[in-house]
Amino acid sequence: MEQKTNTNLTSYYPSIQEMIVPGQGLRTPPKSPFFMDVTLRDGNQALRKPWNLEEKEIIFKQLLKLGVQGIEVGFASASHQDFEACSHLASLAPENVAISSLSRAVEKEIDLSWEAIRKAPRPRIHIVYPISDFTIRNVLGLTEKQVKENIIRSVSYARKLAGNFGEVQFSGEHFGDSLENMEFTIEAFQAALDAGADVVNLPNTVERYRPYLFVAMVRKVAESLPQGTNISVHTHNDLGMATATTVESFFAGAVQLETALNGLGERAGNTNTYEVAIALHNCGVKVDLNLQAIYETSRIVSRMSQVPIHEKAPLIGEDVVAHRSGIHQDGVSKTKEMKKGAYRAFDANLIGRPEGDRIAFTSQSGKSAVYEILNQSGISISKEEASKLQPILKALSEQSGGGELAIEEIQEELEKMRLLPNLDQ
């Protein structure tokens, strides 16, 4: 029986030829990504202890240092405290950074959002409204016609408030669940554009499926809306794939990427800013961020949010620059002076990290580890001596269950070994 070709929107994968420009490297979109940071809104609302105004200002200024192009400063209508924070931060904003406040599709809330951020040189009203078939039926209890009317009404209202000075963004909440009603979803985004939206945001409000399904949906929308439409994505990390989803969405037509510092956000968090930025940088994309500020920023945010950084967290985790396997250590040693390391995904200097590749000795380590560890500690040792010392250290490590040896233990064993020839005299 002849197998039918799958032609639905999940079936297309770019070929290697489509990803590479012969003789030049990886193919990249013509525009640099626009990073819209949501730490002060989505990230903050998920904290056990949300930040006060002073703390928000510290994070805000760190975001400016990082160089993000947009900052969602809060949900102005959520509380008086949030309104005051949005208003204060908007007054501190530089001319080149978009300042956004989230709002439901309710006129009085849109009024509060605009009032809070209008002091910013570049204010943006951000309206969110559900568009997935599941949410329309089970949460809103409305028809698609009514949903579309509400979108048009709220976006038009925001457009009148913002005039030619401010920007309007429309988010179709639960876009990631809209596979069953993609045609209506596209109509809804087009209606928002017609009503005056400058940006349409495609959120993966709850991550449920494979990244490429969402990416294919983004591509479908990008191909269906007018060329040049400013498309944004906002993905959550429920299944641990938000970075992959966001990075690939950029290549599928999304220019604005909504991310959060340290991956903060509801449930498993939002897309991690640092991971997206470095992944795109590694692919040859011009990322207009101060990448040197990443490591410093991660420590400030962790301390202030009281959310610790896992030791294996990509880029910023304590242990991600460590190498303990003999095979890995040999590769690290041989490529340490090269731009591309055998087992190095990123240059620590790129993100302002004070230490690069760190070799540690365990029962799994080889002679390269002995040589590098001692030389980096200022202790001169030949490769021949390192080769003789390795089995001694391996035995010592195994005596303690194979654990990592301290530099003092390694140095002590070296001194003992160097005394051995004298015993034969």
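Just so you know, all these numbers are worked out from the coordinates, no wet-lab data involved. Being a predicted model, the structure only gives us computed values, none of them experimental. When we count neighbours, we look across all protein chains shown, and the Cβ atoms used for this are built from the backbone with ideal geometry, even at glycine.
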> What FRET efficiency comes out for the pair Glu18/Asn138, r = Cβ-Cβ distance, R0 = 56 Å, nearest 0.05?
Replying inline: 0.90
> How much mean residue ellipticity at 222 nm does the chain get from its helices, if each DSSP H run of length 4 or more adds -39500 (n - 2.57) and you divide by all residues, to the nearest 500 deg cm²/dmol?
Replying inline: -12500 deg cm²/dmol
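Only four residue types carry charge here, +1 at the Cβ of Lys and Arg and -1 at the Cβ of Asp and Glu. Report the dipole size of segment 311-368 about the Cα centre in Debye, rounded to the nearest 20.
220
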> Fewest first, what order do His281, His328 take by the number of other Cβ atoms within 10 Å?
Replying inline: His281, His328
> Highest mean first, what order results for 89-98, 162-171, 240-249 on Cβ atoms within 10 Å?
Replying inline: 240-249, 162-171, 89-98
> Does anything in segment 144-158 have its amide N under 19 Å from the 7 Å Cα→Cβ label point of Val106, and if so which residues?
Replying inline: 147-158
> Assuming R0 = 60 Å, what is the FRET efficiency of Ser79 and Ile327, from their Cβ-Cβ distance, to the nearest 0.05?
Replying inline: 0.65
> Taking 0.36 nm per residue of separation and subtracting the Cα-Cα distance, what length does fully extending Gln306 through Gln411 add?
Replying inline: 34.0 nm
> Once amide H atoms are built 1.01 Å from N in the peptide plane, which residues 5 or more positions from Phe35, or in another chain, come under 5 Å H to H?
Replying inline: Gln69, Gly70, Leu257
> For a paramagnetic label modelled at 7 Å from the Cα of Val206 toward its Cβ, which residues of segment 238-265 fall within the zone defined by backbone nitrogen distances under 13 Å?
Replying inline: 238-239
> If you take the charge dipole of segment 322-423 about its Cα centre, with +1 on Lys and Arg Cβ and -1 on Asp and Glu Cβ, which of Gly341, His323, Phe361 is farthest toward its positive end?
Replying inline: Gly341
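What are the equivalent ellipsoid semi-axes of the chain, built from the alpha-carbon gyration tensor (square roots of five times its eigenvalues), in whole angstrom, biggest first? Provide the component values of the computation, followed by the final result.
Details: eigenvalues 493, 130, 65 Å².
Semi-axes, largest first: 50, 26, 18 Å.
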> For the residue pair Leu53 and Leu26, what label-to-label distance in nm results when each label sits 7 Å from Cα along the Cα-to-beta-carbon direction?
Replying inline: 4.4
> Label point 7 Å out from Glu180 along Cα-to-Cβ: which residues of segment 192-220 have amide N under 14 Å?
Replying inline: none
> Working out 0.36 nm times the residue gap between Asp194 and Lys388, then minus their Cα-Cα distance, what length gain in nm do you get to one decimal?
Replying inline: 62.3 nm
>> For a quick size check, give me the Cα extents of segment 113-167 along its three principal axes, largest first, whole Å.
In response: 39, 15, 14
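What percent antiparallel are the DSSP beta bridges of the chain, to the nearest 5? Don't skip to the end; give the middle numbers.
Values: 3 of 41 bridges.
Here the share of antiparallel DSSP bridges comes out near 5 percent.
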